[in-house]
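Accompanying notes for the structure given below.
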Amino acid sequence: MPSTEILQEARKLHGVSDRLESLAEVHQEHVALSEALITISGNVRQTATLLEVLVATKMGSPTEPGPASA
């Protein structure tokens, strides 16, 4: 089902966002790099959330719990 596949990709994007945020924390001594990673992390997380909203509003309720409810 397309909604399941989209939700899987959204979960992967949440993971990417988490890893980018972790990298930013590790490299705090490089302020510009750390800030850029935090910005990109936020953008990726927002994209994942938009995909979840798209599934919920256009394809009905998801059949699997998303990151917010897991």
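The values are calculated or read from the model by the stated rules, or taken from the named source; none is laboratory data. Fair warning: this is a prediction, and the values are worked out from it, not measured in the lab. Note that we place each Cβ from the backbone using ideal geometry, even for glycine, and neighbour counts take in every protein chain shown. Areas reflect the complete protein model, heavy atoms only, side chains present, ligands, DNA and RNA absent. Shrake-Rupley method; radii C 1.70, N 1.55, O 1.52, S 1.80 Å.
A few remarks follow.
- Note on surface exposure: Arg19, Arg45 rank Arg19, Arg45 by accessible area, highest first, 1.4 Å probe.
- Computed over the chain, the alpha-carbon pair-distance distribution with 10 angstrom bins reads 23, 42, 22, 12, 1, each value a whole percent.
- Carbon/sulfur fraction of accessible area - the chain, other protein chains in place, 1.4 Å, %: 62 percent
- The helix-only estimate of mean residue ellipticity at 222 nm for the chain, built from DSSP H runs of length n ≥ 4 each weighted as -39500 (n - 2.57), is -27000 deg cm²/dmol after division by the residue total.
- Neighbours of Ile38, meaning other residues whose beta-carbon lies under 11 angstrom from its beta-carbon, give a summed charge of -2 when Lys and Arg score +1 and Asp and Glu score -1.
- At a probe radius of 1.4 angstrom, the accessible area of the chain per residue rounds to 68 square angstrom.
- Spin-label pair Gln8/Val31, simplified geometry with 7 Å Cα→Cβ offset, distance in nm: 4.4 nm
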